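A short worksheet on the structure shown next.
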Amino acid sequence: MAPPASITSEYFQSLFSLAGKTALITGAGRGVGLAYARALARSGASIIVVLHPTESENGVNDEIRSLGVDVHVFRADLSDRDQVRDLFPRVLAAGHVVDIFVNNAGIAHREPILTYPEDMWYDILQINLSAGFVLGRAFAADVVRRGARGKLINTSSVGGFLASRNTVAYTAAKHGVNALTKSFSTELAGAGINVNAIAPGYTVTELTRKNLHENGAGFLKRIPIGRFAETADLEGAVLFLASPASDYVTGHVLAVDGGRIVSDFEADVVAVDAINEKD
């Protein structure tokens, strides 16, 4: 017999409610970051969205606010070290208290090592790895100063476990994110800060859809579940790591990848035309 709805609701609220919390999410204007913002907002968290200075809001402000929570937008170019250093002080000076920091912003560039642009190498390492260190440290320092608890969630990738051709900087940065997660978790656990990461597999977004459609058959052969991820597939992971349900979890990189990194599975080629056709 199923338990009464009131008991079930109270139980799940105790595990997953984020009411009264504020989450700051970088790269939240679209794709994975926007999915993270939706998930946390639906569980009651107020949202601080960090966008690039030239990036359109694309209605993200109205969309998240329609879920019944407060939304604030800050802008920063995470390739600029000064803007990275200034971001958290600006947020705090505006009177916000950040309980959850989701370090999600990232870029990628595909090119063989022998012709890979040096400037691109440094940009990717700065945005995908170094900015996360600086912002994560600033977040942790404020949590410690307040004597509070905090949740820090990095976005890694299957590229943080595997290597593929023509992605040298991205692969190096995401391996670094995994190491950063473990190092932060070791030092900050005693201060009441849980530090974990999510490693998405091949995920359909507006930026990846064309490449996955054109070149995805080879990727699909190596995914035991047999499809690409939708951004909604990542919502449960970020909610778990942001909520009280994960209070005893730290230093973990949670792969949401359809089984890709743990398997040498290779299936028959699946027709890519049939993948995510609703998009």
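The values are calculated or read from the model by the stated rules, or taken from the named source; none is laboratory data. Just so it is clear, the model here is predicted, and its values are computed rather than measured. Here the Cβ positions follow ideal geometry from the backbone for every residue, glycine too, while neighbour counts run over all protein chains shown.
Things to note:
- Restricting segment 93-111 to residues that are in contact (Cβ under 8 Å) with a residue 60 or more places away in the chain and not in a loop (DSSP other than H, G, I, E, B), the residue that is nearest to Leu180 (Cα to Cα): Asn103
- Within segment 204-228, if we keep just the residues that are closer than 14 Å to Gly31 by Cα and touching an Asp or Glu at 6+ places or on another chain (Cβ under 7 Å), the residue that is modelled with the lowest pLDDT turns out to be Arg209.
- Strands (runs of 3 or more DSSP E) within segment 142-257 that include 3 or more residues surrounded by 22 or more Cβ atoms within 10 Å (Cβ to Cβ): 150-155, 193-200
- For segment 31-79, the set of residues classified as assigned to a strand (DSSP E or B) and either of a type in the set (D, E, K, R) or at pLDDT below 95 (or both) consists of Arg75 only.
- Number of residues in segment 181-211 that are over 26 Å from Pro112 (Cα atoms) and in contact (Cβ under 8 Å) with a residue 24 or more places away in the chain: the value is 15.
- Subset of segment 112-141 [part of a loop (DSSP other than H, G, I, E, B) and either surrounded by 14 or more Cβ atoms within 10 Å (Cβ to Cβ) or basic (Lys, Arg) (or both)]: Tyr116
- Taken together, Ile48, Ile64 contain a single residue that is among the aliphatic types (A, V, I, L, M), surrounded by 14 or more Cβ atoms within 10 Å (Cβ to Cβ), in contact with a strand residue (DSSP E or B) (Cβ under 9 Å, 6 or more places away or on another chain) and over 16 Å from Gly136 (Cα atoms), which is Ile64.
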